[in-house]
Amino acid sequence: MYYKSANSWLKHWDFILLDLVMLQMAYILALGLRNGGRNPYADPVYLRTGIVLCLADICVVFFTEGYRGILRRGYFQEFKAVAFHAAAVICTMLAYLFLTQEGHAFSRLVFIYFTAFSVLLLYTGRISWRMYLLKHKRVYYSKRSVLVMTTSDRVSQVLDTILHNTYNELYIEGVVLLDRDDLVGQQIAGVEVVCTG
């Protein structure tokens, strides 16, 4: 059970890394807009908050299931997921600033800019990366192997549904036909019939 739980969020390491980069970009843009072209991490308060931002993002990813079904979501569902993710990260940052009593040294305008930029950049980054993955049919984690059990009259329909609706997540090891013995060893839609039921 622990392996499955860890695997479910680690299999989206590409989206996790992308979100980290986009949040840091939003933070740098917010600081740059507020403080001009100076080094955004020159002030120790902003440097520590930038580090906490990375840790907060990793904690939000670990404790929520924000990437579940990310390749299947619609645009509005993705926007809601991004807004929730950004709000959770921002609340964690606010809690850090409150508990360390450094909130007085942190600009409220930076928080407003950061909120807007983080939602915009996270949404743009996730949608762009998802479109790339779906266009090239790539997944950066191991596929699950399945053995399809069906009847001979439905085998083509079942294989077609699996192959065209799973975003290249499954590898079909073979087909088990429950009603015919004479097709063992033959291929149906490029998948071998391995045995009968």
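The values are calculated or read from the model by the stated rules, or taken from the named source; none is laboratory data. Since this is a predicted model, take the numbers as computed values, not measurements. Ligands, DNA and RNA are stripped out before the accessible areas are found, and what is left, the full protein with its side chains, is counted by its heavy atoms. Shrake-Rupley method; radii C 1.70, N 1.55, O 1.52, S 1.80 Å.
Some values worked out for this structure:
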item	result
Built amide H within the under 5 Å cut-off of GLU192, gap 5+	VAL175
Rg and Dmax [Cα atoms of the chain; Å; Rg one decimal, Dmax integer]	23.3, 78
Most mobile listed residue (PHE15, PHE76, PHE114) in the chain, GNM with C-alpha springs under 10 Å	PHE76
Most fluctuating residue given options ARG72, ARG34, ARG180, as computed from a GNM of the chain linking Cα atoms under 10 Å	ARG180
Crossing angle, helix 13-35 versus the chain [Cα axis fit, 0-90 degrees, rounded to tens]	20
On Cα atoms only, tilt of 75-99 relative to the major axis of the chain in degrees	40
Carbon and sulfur %, accessible surface of the chain computed with the full protein complex present, 1.4 Å	63
Accessible area per residue, Å², the chain with all protein chains present, probe 1.4 Å	61
